[in-house]
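Right, one structure below, let's go through it.
Read the figures in this text as sums done on the coordinates, not as results from a lab. Just so you know, these numbers come straight off a predicted model, no measurement behind them. A quick note on method: Cβ atoms are made from the backbone with ideal geometry, for glycine too, and the neighbour counts reach across all protein chains shown.
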Amino acid sequence: MALRKEYGRLVGLTEKREEPGRRRERRTYGHVRSRAARRAVLERSRGRCEFCERDAPGVTDRGHPILEVDHVREIAKDGRDHPEQMIALCPNCHAVKTRGAGRRAMVEGLLEKVGGLHREALDEPDESAPGERTEASED
Ligand SMILES: [Zn+2]
């Protein structure tokens, strides 16, 4: 599966939007959330909640897993609109993260977790690439 390639591409698109000139322009109109960032997170999740790690509870009419992409730290509180700080959550975990009594205490742990998932997704060997590494060869 070419997760790394697609994830890396979407992360690149997200970062392009963060370039200084564009950021200032965007601020004037309020925050426009990055669609690429959201898609990258869904891609990375492979249809599982990144908090409880269970499969999404179902799929939409279009076959997309029912997961909600959340900014771990709110943009209004200096969070970044970037997959590194975003998480795919099942509806239950999203409710706990948004309205649960312990939600504020969750933030630092979640940031650490998604940072790890982000790096993992970028470092994952791309199985579809020709001439890939040979250290795992079986002969
Ligand atoms: Zn969950």
message: Could you give the length gained by full extension between residue 18 and residue 5, i.e. 0.36 nm per residue of separation minus their alpha carbon distance, to one decimal place?
response: 2.7 nm
Sequence-distant lysines (8 or more away, or on other chains) whose Cα lies within less than 23 Å of residue 16: 5, 77
field: Distant alpha-carbon pairs in the range 3-123 (separation over 25 angstrom), percent
entry: 23 percent
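Highest mean first, what order results for 56-66, 74-84 on Cβ atoms within 10 Å? Walk me through the numbers before you get to the answer.
Numbers: 56-66: 11.2, 74-84: 15.2.
Top to bottom by mean Cβ count within 10 Å: 74-84, 56-66.
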message: Need one number: nm distance between label points at residue 113 and residue 59, each 7 Å from Cα along Cα→Cβ, rounded to one decimal.
response: 2.5 nm
